[in-house]
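The values are calculated or read from the model by the stated rules, or taken from the named source; none is laboratory data. The model shown is predicted, which means the values in this text are computed figures rather than measured ones. Cβ: placed from backbone, ideal geometry, glycine included. Neighbour counts: every protein chain shown. When the accessible area is computed, the model is the full protein with side chains, heavy atoms only, and any ligands, DNA or RNA have been set aside. Shrake-Rupley method; radii C 1.70, N 1.55, O 1.52, S 1.80 Å.
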Amino acid sequence: MDTSMLCCWLQVHGKDRCGTTDDPWDHARVAKKIEEEQELNTKFVLPMATVIETGNHIAQAGVRRFETAEKLAEILRSAAQQLTPWIAFDEQVVLWGREGLLKLAEELPVAASMSRSLGDTTIRTVANYYWEGGYTVELFTADADLKSSEPSGPIHFADIGEEEPRRRKDRRRKR
(Lines give C-alpha, C1' and ligand atoms only; values in the text may rest on other atoms or scores of the structure.)
Protein backbone atom coordinates (compact mmCIF):
# COMPACT_ATOMS: atom_id res chain seq x y z
CA MET A 1 0.00 0.00 0.00
CA ASP A 2 1.44 3.34 -0.96
CA THR A 3 1.13 6.66 0.83
CA SER A 4 -1.63 8.10 -1.33
CA MET A 5 -3.93 5.14 -0.67
CA LEU A 6 -3.24 5.05 3.06
CA CYS A 7 -3.77 8.81 3.38
CA CYS A 8 -7.00 8.52 1.40
CA TRP A 9 -8.23 5.63 3.54
CA LEU A 10 -7.33 7.42 6.79
CA GLN A 11 -8.95 10.59 5.42
CA VAL A 12 -5.88 12.71 6.10
CA HIS A 13 -6.96 16.32 5.71
CA GLY A 14 -5.98 17.55 2.24
CA LYS A 15 -4.95 14.03 1.17
CA ASP A 16 -8.35 12.35 1.21
CA ARG A 17 -8.50 11.90 -2.56
CA CYS A 18 -5.93 10.55 -4.98
CA GLY A 19 -5.58 9.22 -8.48
CA THR A 20 -6.31 10.81 -11.80
CA THR A 21 -9.44 12.36 -13.27
CA ASP A 22 -10.00 9.12 -15.18
CA ASP A 23 -9.33 6.92 -12.13
CA PRO A 24 -10.22 8.82 -8.94
CA TRP A 25 -9.94 7.27 -5.48
CA ASP A 26 -11.69 8.43 -2.33
CA HIS A 27 -12.19 6.93 1.12
CA ALA A 28 -15.24 4.89 0.08
CA ARG A 29 -13.50 3.32 -2.91
CA VAL A 30 -10.33 2.52 -0.96
CA ALA A 31 -12.38 1.04 1.92
CA LYS A 32 -14.35 -1.12 -0.55
CA LYS A 33 -11.13 -2.43 -2.14
CA ILE A 34 -9.68 -3.22 1.28
CA GLU A 35 -12.87 -5.09 2.28
CA GLU A 36 -12.80 -7.09 -0.97
CA GLU A 37 -9.17 -8.03 -0.43
CA GLN A 38 -9.80 -8.99 3.19
CA GLU A 39 -12.47 -11.43 1.99
CA LEU A 40 -9.76 -13.01 -0.19
CA ASN A 41 -7.43 -13.24 2.86
CA THR A 42 -5.03 -10.75 1.32
CA LYS A 43 -2.27 -9.54 3.63
CA PHE A 44 -1.42 -5.84 3.65
CA VAL A 45 2.20 -4.76 4.01
CA LEU A 46 3.05 -1.21 4.95
CA PRO A 47 6.48 -0.30 3.66
CA MET A 48 8.38 2.01 6.01
CA ALA A 49 8.29 4.76 3.37
CA THR A 50 4.48 4.65 3.43
CA VAL A 51 4.40 4.85 7.23
CA ILE A 52 6.85 7.76 7.38
CA GLU A 53 5.29 9.74 4.54
CA THR A 54 1.76 9.22 5.91
CA GLY A 55 2.89 10.29 9.37
CA ASN A 56 4.43 13.42 7.85
CA HIS A 57 1.20 14.25 6.00
CA ILE A 58 -0.80 13.78 9.21
CA ALA A 59 1.55 16.07 11.15
CA GLN A 60 1.22 18.74 8.45
CA ALA A 61 -2.57 18.49 8.20
CA GLY A 62 -4.46 21.52 9.39
CA VAL A 63 -7.11 19.59 11.32
CA ARG A 64 -7.78 16.23 13.01
CA ARG A 65 -4.07 15.45 13.44
CA PHE A 66 -4.46 13.61 16.75
CA GLU A 67 -7.47 11.56 15.63
CA THR A 68 -5.88 10.61 12.32
CA ALA A 69 -2.57 9.73 13.99
CA GLU A 70 -4.52 7.48 16.37
CA LYS A 71 -5.92 5.59 13.36
CA LEU A 72 -2.41 5.15 11.92
CA ALA A 73 -1.10 4.07 15.33
CA GLU A 74 -3.79 1.38 15.51
CA ILE A 75 -2.74 0.05 12.11
CA LEU A 76 0.89 -0.02 13.26
CA ARG A 77 -0.10 -1.96 16.39
CA SER A 78 -2.03 -4.44 14.24
CA ALA A 79 0.90 -4.88 11.87
CA ALA A 80 3.35 -5.36 14.75
CA GLN A 81 1.09 -8.05 16.22
CA GLN A 82 0.46 -9.63 12.78
CA LEU A 83 -3.29 -9.09 13.17
CA THR A 84 -5.23 -9.77 10.00
CA PRO A 85 -5.05 -8.25 7.47
CA TRP A 86 -1.83 -6.43 8.43
CA ILE A 87 1.66 -7.88 8.49
CA ALA A 88 4.90 -6.19 9.43
CA PHE A 89 7.77 -6.07 6.97
CA ASP A 90 10.33 -7.61 9.32
CA GLU A 91 13.14 -7.74 6.78
CA GLN A 92 14.19 -4.09 6.90
CA VAL A 93 17.78 -5.22 6.35
CA VAL A 94 16.72 -5.87 2.74
CA LEU A 95 16.41 -2.10 2.40
CA TRP A 96 18.63 -0.58 5.04
CA GLY A 97 21.41 -3.12 5.61
CA ARG A 98 24.80 -2.79 3.92
CA GLU A 99 23.82 -4.61 0.72
CA GLY A 100 20.44 -2.91 0.55
CA LEU A 101 21.97 0.53 0.88
CA LEU A 102 24.54 -0.22 -1.81
CA LYS A 103 21.78 -1.43 -4.15
CA LEU A 104 19.69 1.64 -3.33
CA ALA A 105 22.70 3.88 -4.03
CA GLU A 106 22.95 2.31 -7.49
CA GLU A 107 19.22 2.68 -8.21
CA LEU A 108 18.68 6.15 -6.78
CA PRO A 109 20.22 8.35 -9.50
CA VAL A 110 18.32 6.56 -12.26
CA ALA A 111 15.09 6.63 -10.24
CA ALA A 112 15.50 10.35 -9.50
CA SER A 113 16.24 11.11 -13.16
CA MET A 114 12.87 9.48 -13.95
CA SER A 115 11.13 11.59 -11.24
CA ARG A 116 10.68 8.51 -9.03
CA SER A 117 10.76 9.19 -5.31
CA LEU A 118 12.93 7.37 -2.82
CA GLY A 119 9.72 6.14 -1.20
CA ASP A 120 8.47 4.57 -4.43
CA THR A 121 11.89 3.05 -5.05
CA THR A 122 11.82 1.32 -1.67
CA ILE A 123 8.18 0.23 -2.16
CA ARG A 124 9.31 -1.51 -5.35
CA THR A 125 12.05 -3.27 -3.38
CA VAL A 126 9.54 -4.51 -0.79
CA ALA A 127 7.17 -5.70 -3.54
CA ASN A 128 9.99 -7.61 -5.27
CA TYR A 129 11.05 -9.14 -1.95
CA TYR A 130 7.61 -10.72 -1.48
CA TRP A 131 7.29 -11.71 -5.14
CA GLU A 132 10.65 -13.46 -5.02
CA GLY A 133 9.38 -15.23 -1.90
CA GLY A 134 6.56 -16.76 -3.91
CA TYR A 135 3.70 -14.40 -3.16
CA THR A 136 1.36 -12.70 -5.59
CA VAL A 137 1.98 -9.00 -5.19
CA GLU A 138 -0.37 -6.16 -5.99
CA LEU A 139 0.83 -2.63 -5.49
CA PHE A 140 -2.15 -0.79 -4.03
CA THR A 141 -1.54 2.60 -5.58
CA ALA A 142 -3.17 5.18 -7.82
CA ASP A 143 0.26 6.03 -9.28
CA ALA A 144 0.41 4.56 -12.79
CA ASP A 145 4.23 4.56 -12.85
CA LEU A 146 4.48 2.71 -9.56
CA LYS A 147 1.69 0.31 -10.58
CA SER A 148 3.52 -0.45 -13.85
CA SER A 149 6.43 -1.90 -11.87
CA GLU A 150 4.22 -4.45 -10.11
CA PRO A 151 6.04 -7.79 -10.20
CA SER A 152 4.17 -10.57 -11.97
CA GLY A 153 4.64 -13.78 -13.86
CA PRO A 154 6.70 -16.82 -13.02
CA ILE A 155 9.89 -16.44 -11.03
CA HIS A 156 13.03 -17.50 -12.83
CA PHE A 157 15.41 -17.94 -9.93
CA ALA A 158 18.45 -17.81 -12.19
CA ASP A 159 17.39 -14.26 -13.14
CA ILE A 160 17.60 -13.17 -9.51
CA GLY A 161 20.84 -15.00 -8.86
CA GLU A 162 19.43 -17.81 -6.75
CA GLU A 163 18.71 -21.49 -6.98
CA GLU A 164 15.08 -22.53 -6.68
CA PRO A 165 14.34 -23.63 -3.10
CA ARG A 166 13.79 -27.35 -2.76
CA ARG A 167 10.49 -27.25 -0.91
CA ARG A 168 9.10 -23.94 -2.01
CA LYS A 169 5.34 -23.94 -1.93
CA ASP A 170 3.64 -21.63 -4.35
CA ARG A 171 1.87 -19.26 -2.00
CA ARG A 172 0.59 -17.08 -4.80
CA ARG A 173 -3.06 -16.24 -4.40
CA LYS A 174 -5.13 -17.30 -7.38
CA ARG A 175 -7.82 -14.87 -8.51
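At-a-glance table
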| quantity | calculated |
| --- | --- |
| Enumeration of residues in region 17-36 that are open to solvent by 70 Å² or more (accessible area, probe 1.4 Å) and of a type in the set (D, E, K, R) | ARG17, ASP22, ARG29, LYS32, GLU35, GLU36 |
| Lone qualifier among GLY97, GLY119 - being open to solvent by less than 40 Å² (accessible area, probe 1.4 Å) and either out of contact with any helix residue (DSSP H, G or I) (no Cβ under 9 Å at 6 or more places or on another chain) or of a type in the set (Ser, Thr, Tyr) (or both) | GLY97 |
| Residues satisfying the stated conditions in region 145-155, i.e. without any contact (Cβ under 8 Å) to a residue 12 or more places away in the chain and outside any loop (DSSP other than H, G, I, E, B) | LYS147, SER148 |
| Criterion: farther than 21 Å from LEU139 by Cβ and either among the acidic types (Asp, Glu) or assigned to a loop (DSSP other than H, G, I, E, B) (or both) - qualifying residue of GLU37, GLU74 | GLU74 |
| Filtered residues of region 119-144 (kept if of a type in the set (A, V, I, L, M) and either within 23 Å of ILE87 (Cβ to Cβ) or free of Cβ contacts under 8 Å to residues at least 40 places away in the same chain (or both)) | ILE123, VAL126, ALA127, VAL137, LEU139, ALA142 |
| Residues of region 37-85 that turn out to be open to solvent by 40 Å² or more (accessible area, probe 1.4 Å), closer than 24 Å to THR121 by Cα and in contact with a helix residue (DSSP H, G or I) (Cβ under 6 Å, 6 or more places away or on another chain), as a count | 2 |
| Filtered residue count, region 6-44, keeping only those that are β-branched (Val, Ile, Thr), out of contact with any Cys (no Cβ under 8 Å at 6 or more places or on another chain), over 12 Å from PRO85 (Cβ atoms) and touching a residue at least 24 places away in the same chain (Cβ under 8 Å) | 2 |
| Selection within region 4-16 - open to solvent by less than 20 Å² (accessible area, probe 1.4 Å) and assigned to a loop (DSSP other than H, G, I, E, B) | VAL12 |
| Any chance GLN92 is more than 24 Å from THR125 (Cα to Cα) and either surrounded by 14 or more Cβ atoms within 10 Å (Cβ to Cβ) or touching a residue at least 24 places away in the same chain (Cβ under 8 Å) (or both) | no |
